[in-house]
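Notes follow the structure.
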Amino acid sequence: MASDRRKFIKQLGSTIVLTSASLSGFAAMEDHERRILQAEKRYSPNDKIRIATVGMGIMGFNDTRAALTCLGVELVACCDLYQGRLQRAKEIYGANIFTTADYHEIIDRKDVDAIIVATSDNWHSTIANAAMRKGKAVYSEKPMVHYLSEGLGEIKTQQETKAVFQVGSQRVSSLAFQKAKELYQSGAIGQINTVEASFNRQNALGAWQYTIPLDAGLQTVGWDRFQANEKTKLPYESNRFFRWRNYREYGTGVAGDLFVHLLTGIHFITNSKGPDKIFSIGGTYYWKDGRNVPDVMSAVIEYPATKEHPAFQANLRVNFISGEGERSSTKIIGSEGVIELDDDQGFTIRKNKMPVAPGIGGWDSFYTYPEAMQKALMDDYNKKYSATDQKAPSLPGVTYHSPDGYNSSNDHFANFMDAIRNGKPVVEDAVFGFRAAAPALACNESYFQNKVIHWDAENMKVV
Ligand SMILES: NC(=O)c1ccc[n+]([C@@H]2O[C@H](COP(=O)([O-])OP(=O)(O)OC[C@H]3O[C@@H](n4cnc5c(N)ncnc54)[C@H](O)[C@@H]3O)[C@@H](O)[C@H]2O)c1
């Protein structure tokens, strides 16, 4: 593993193509290299971090794999409400792994230092709060909370317990986002005024119609536990359990699932605390499978001017039936350029600056005037503006790609483990996590209530 990391560090320098010499600060990458090497140095065999994962579904397996790429991390236990997934955990991690359907049995264990919460959204906050109260470090998947009303309570738990707590939106640890942030903050695109960000998908799995096992049913699924937090108890339905994202009762729709990634990236790059006005529209246009959340959704979000950034607008969109195919992008548009991030693996910066001269001719009133007037105007213009002033400056762009095989989740876990082991601040704390989740959840509020949501980002309250 250590040699893999060293090999990886060697690769880092070679895969970056920065076509502008003036934009060649490599601080983010150097920090990243330093952190990997320090993490290696500081680990000793007595220094194991023992983890347990609650919610052993798609992301539970992914997060556990990523956590175990960190040195000195050991998996002790897994918790899930479907028996087949606990069986799978033993197949992968060995028969000695403790498994249970009751998360209390996990957070009560003395031999567990850190808990990964990778359940459906409806359980994130309950389990994270309970685990922090039991003295565990917590890595909570996004969105940090299911409902806006849960956010401040969870922040308070973290502050009271001083637990190491990190939210699992890995863009914050991604090399591409760190590099883009560095260039954005150095003024690469002038003054930000707009963000256009989207996820496009065009397949059933992308639209959350995940495979359901053949033995799904009350014998194999802890259905009562799954809906224990619900006021209205419903009879068992495989779709509701295995495709919970399609139901507001357990998930947070495309906004909580995907807008939250976009908002995390935007807030990270701009240092924003969040917007003050949120409006969203949506509809179930294609995947009419009983879901009660939209499959196409758009939001218009307004960020006021603050000391961190000028005023800007964000347009977010998720489209699960997009003829554009599978594509995610975040375009951060400024007065002198645009950063376009492609998921979390790379970005391009294109720079465009207005010429000093305002221009004359072309699509202009110039040709509507008598010839003598045109001549006089042109003479005047050429006297006033030099040839250089009349031309838009040609500015080199920037292209960046993460090294092949780079995985931002691994880095996000490295940061989490570093906070546990070395007391470093986490890269995505509860306040940041809630400030990214809240406007996403407010998009749902806006859509379901058909109104503009006003948000106080400083105090994290709907106003
Ligand atoms: N960071 C990312 O990029 C990323 C990617 C995908 C998913 N996620 C997040 O990860 C979470 C899980 O998503 P998924 O796709 O893995 O879902 P999934 O349905 O595959 O897995 C969720 C699992 O949680 C279990 N579960 C639910 N309630 C539980 C409880 N009270 N106790 C124990 N287990 C419980 C279920 O049995 C299920 O197996 C979601 O919140 C999602 O937003 C994050």
For the charge dipole of the chain, defined by +1 on Lys and Arg C-beta atoms and -1 on Asp and Glu C-beta atoms about the Cα centroid, which residue among ILE453, SER174, ALA372 has the Cα displaced farthest towards the positive pole?
SER174
Amide H neighbours of MET144 under 5 Å, at least 5 residues apart or on other chains, H built in the peptide plane: list them.
ALA437
Among ILE106, ILE301, TYR82, whose Cα sits farthest toward the positive end of the charge dipole of the chain (+1 at Cβ of Lys/Arg, -1 at Cβ of Asp/Glu, about the Cα centre)?
ILE106
So, for the Cα atoms of region 419-463, Rg and Dmax in Å stand at 14.3, 47
Rounded to whole angstrom, the alpha-carbon centroid of region 224-243 lies from that of region 297-372 at a distance of 44
What size of dipole, in debye to the nearest 20, comes out for the chain about its Cα centre when the only charges are +1 on Lys and Arg C-beta atoms and -1 on Asp and Glu C-beta atoms?
540
What are the ³J(HN,Hα) values, in whole Hz, obtained from phi via the Karplus relation 6.51 cos²θ - 1.76 cosθ + 1.60 with θ = phi - 60°, for each residue of region 343-351 in sequence order, with x given for Gly and Pro?
6, 10, 9, x, 7, 10, 10, 10, 10
Relative contact order %, the chain, counting alpha carbon pairs below 8 Å whose residues are six or more apart:
21
Run a plain Debye calculation on region 295-363 (Cα atoms as equal point scatterers, no solvent) and give log10 I(q)/I(0) at q = 0.12, 0.19, 0.28 Å⁻¹, rounded to two decimals, same order as the q list.
-0.52, -0.99, -1.26
Just to be sure I understand: if I project the alpha-carbon convex hull of region 172-286 onto a plane and average over all orientations, what area do I get in nm²?
10.7
Applied in sequence order to region 432-444, the curve 6.51 cos²θ - 1.76 cosθ + 1.60 (Karplus, θ = phi - 60°) yields integer Hz couplings, x standing for Gly and Pro, of 4, x, 6, 5, 8, 5, 4, x, 5, 5, 5, 4, 5
Per-selection metrics, region 99-160 (Cα): Rg and Dmax in Å
11.1, 33
Scale the Cα Rg of the chain by the rule-of-thumb value 2.2 N^0.38 Å and send over the ratio, two decimals.
1.11
Once every DSSP H run of n ≥ 4 in the chain is given -39500 (n - 2.57) and the sum is divided by its residues, what mean residue ellipticity at 222 nm do you get, rounded to the nearest 500 deg cm²/dmol?
-10500 deg cm²/dmol
Charge dipole (debye, nearest 20) of region 46-121; +1 at Cβ of Lys and Arg, -1 at Cβ of Asp and Glu
200
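The numbers here are math on the coordinates, done by the rules we state, and not lab data. What you see is a predicted model; the values in this text were computed from it and never measured. FYI the Cβ positions are ideal-geometry reconstructions off the backbone, even for glycines, and counts take in every protein chain you see.
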